Structures are given as structure tokens and as C-alpha cells.
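K.L.:
Following this message is one structure expressed as C-alpha cells.
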């Protein structure tokens, strides 16, 4: 089943498909400290490959575009050396998962105000060279309205490290507490490193396992979604992408939150980036 896009950019040209996938609330593990997902549980997640190796996570926006972190493209690597695999479940690239679709990258639009040192505006829209076909395993993400309040509990998913240097066998998920930028600075001011004040801004949100640590996005999860449950206009429960993984000071360290780009602040930019992509 699907839910109607409730984003403030509902009527933009790139959302003419008019539907986004949703998953009803499911039990989730209380990535680092996470649990394995089911194949197809988050069909809007895709792998971003660089020179044939896993590099970052992408969030499918429509059949030709996905959203990720700008810092995934900081190198001078030509875009032709990047690929996206939608419908991927296992980390092993030699395994062809049911429903997976592999498409090369045609172009990338990096936010024009991206600052690599401060990780400001750490977003990029990826234009695919081909068109994705919707299925049980490949569907577009739901985006929140600009005025939607950030829920307290959210889920992060990805193929990044799950322990020091150890990579997962399948897509992982973990439940996190979400914080507005103001609350993030207030809660973690006495425990986080000074860099928190560098990275947290009016365009970010934070997520952490309270002050305990032990759960977090980590290396390899960049660009992945901070997904929060909301009610759709029909009353169904749906995951909406409120943030994308940007940075943090060490993975799952107690008192150190992860910092995410606040998607609500970039809805208009996403619309322009897709409309302008060749």
C-alpha cells in the first residue's frame, strides 16, 4: 500500500508519481547496537557505490533521483564511477538480491552552499542514468511537511559499521531519540565535544541513545535516513525522512549525538535540484 506525499512540494514536477511507500510501525532494535531489517522493509533505501565498492546510502525520491550527503562526493572522482543499487538487502555485492536494480549515476547536484569543514548544507541530489521500476523492494520515500514537528523516536538504517571496523551482512536498523537543534545543544552541552557547536545549526537535527551511547549511525551510513513514524492523511502509520546522516564525533560514544541534515529545511532546494538536473 502507499500513502500520498504530504510534503509541501506535493505539486512539484518530480512528485507527479504522487505516492510514497510506507511501512506500518514494526518492532525495532533498541549500524551500532542495531538489528537486522527484513528484505524490503525500507524499500526507499539504496546503496551508493564508488568504483564498484559500497560508499554511502541514498534515499529514493522518485524513479530518477535519490538524496544523499554532499560529503559522499568530496573526491574528484568522475560521476561515471558511481552507481546506485536500489532494492539491495545484503552487504555482499556478489549476492544479487530479489528485486534489486543497478543504475549508473548521470549527474550529482551538490548544495551550492555546502561547507565541507563545517558540514553545512551537507546534501546532494543524485540523478540516475536510467529509470527505477517500482516493486515490493523499490519505492520512493515519504518526505514530511515543512511545518511537521520532529517526533521523539525515530529509526536510522544503513550498511555502515556495526562494531569497530566490522561491517554488517544485511541492512541494519536502530531506534534513536531525535532532538531539535536547540534541544540537542541543551541536552549534550556538558557531554559532547566542542565540535558539536560547529556542526549543529538551524538546518540540522540530532539523534542519539540519550546520553548512554551504544547506538548510532557510523562510517558507511552517510546520507542514510533518519525515519520517523507519522500519520498520513488517511490515518495510516508511515515512515517519513526527517533527516539524513551527516556527521558525529565517534560512533555511539556516550554523550555524543549524531548530526543530521533537517530535510524539512531543504524541501524547496530538493525541488529545484531535481527540476534543474539534466
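The values are calculated or read from the model by the stated rules, or taken from the named source; none is laboratory data. Just so it is clear, the structure is predicted and the values come from calculations on it, not from any experiment. Every residue, glycine among them, receives a Cβ derived from its backbone with ideal geometry; neighbour counts consider all protein chains shown.
K.L.:
Please find, within the range 159-182, the residue that is nearest to residue 92 (Cα to Cα) out of those that are at pLDDT 80 or above and exposed (fewer than 15 other Cβ atoms within 10 Å of the Cβ).
P.N.:
Residue satisfying both the conditions and the ranking: 169.
K.L.:
Quickly run through the range 37-82 and pick out the residues that are more than 20 Å from residue 123 (Cβ to Cβ) and more than 17 Å from the chain's Cα centre (by Cα).
P.N.:
38, 39, 51, 52, 53, 78, 80, 81, listed by residue number.
K.L.:
Can you spot a residue in the range 67-75 that is in a strand (DSSP E or B) and either farther than 23 Å from residue 113 by Cα or modelled with pLDDT of 85 or more (or both)?
P.N.:
Looking through the range 67-75, at least one residue is in a strand (DSSP E or B) and either farther than 23 Å from residue 113 by Cα or modelled with pLDDT of 85 or more (or both).
K.L.:
Restricting attention to the range 193-212, and to residues there that are at pLDDT below 90, closer than 21 Å to residue 157 by Cβ and under 20 Å from the mean Cα position of the chain (by Cα), which single residue is surrounded by the fewest Cβ atoms within 10 Å (Cβ to Cβ)?
P.N.:
Looking at the filtered set, the residue picked out is 209.
K.L.:
Kindly provide the set of residues from the range 105-133 that are assigned to a loop (DSSP other than H, G, I, E, B), modelled with pLDDT of 95 or more and within 19 Å of the chain's Cα centre (by Cα), ordered by number.
P.N.:
Within the range 105-133, 111, 114, 121, 122, 123, 132 meet the criteria.
K.L.:
Quick one: count up the residues across the range 134-185 that are assigned to a loop (DSSP other than H, G, I, E, B) and in contact with a helix residue (DSSP H, G or I) (Cβ under 7 Å, 6 or more places away or on another chain).
P.N.:
Residues flagged as assigned to a loop (DSSP other than H, G, I, E, B) and in contact with a helix residue (DSSP H, G or I) (Cβ under 7 Å, 6 or more places away or on another chain) within the range 134-185 amount to 4.
K.L.:
Then there's this: Which ones in the range 44-54 are surrounded by fewer than 23 Cβ atoms within 10 Å (Cβ to Cβ) and either modelled with pLDDT under 75 or in contact with a strand residue (DSSP E or B) (Cβ under 7 Å, 6 or more places away or on another chain) (or both)?
P.N.:
49, 50, 54
K.L.:
Whether any residue in the range 265-272 is touching a helix residue (DSSP H, G or I) at 6+ places or on another chain (Cβ under 8 Å), buried (at least 24 other Cβ atoms within 10 Å of the Cβ) and either at pLDDT 80 or above or assigned to a strand (DSSP E or B) (or both) is what I want to check.
P.N.:
Within the range 265-272 (the criterion being touching a helix residue (DSSP H, G or I) at 6+ places or on another chain (Cβ under 8 Å), buried (at least 24 other Cβ atoms within 10 Å of the Cβ) and either at pLDDT 80 or above or assigned to a strand (DSSP E or B) (or both)), the answer is no, since none of the residues qualifies.
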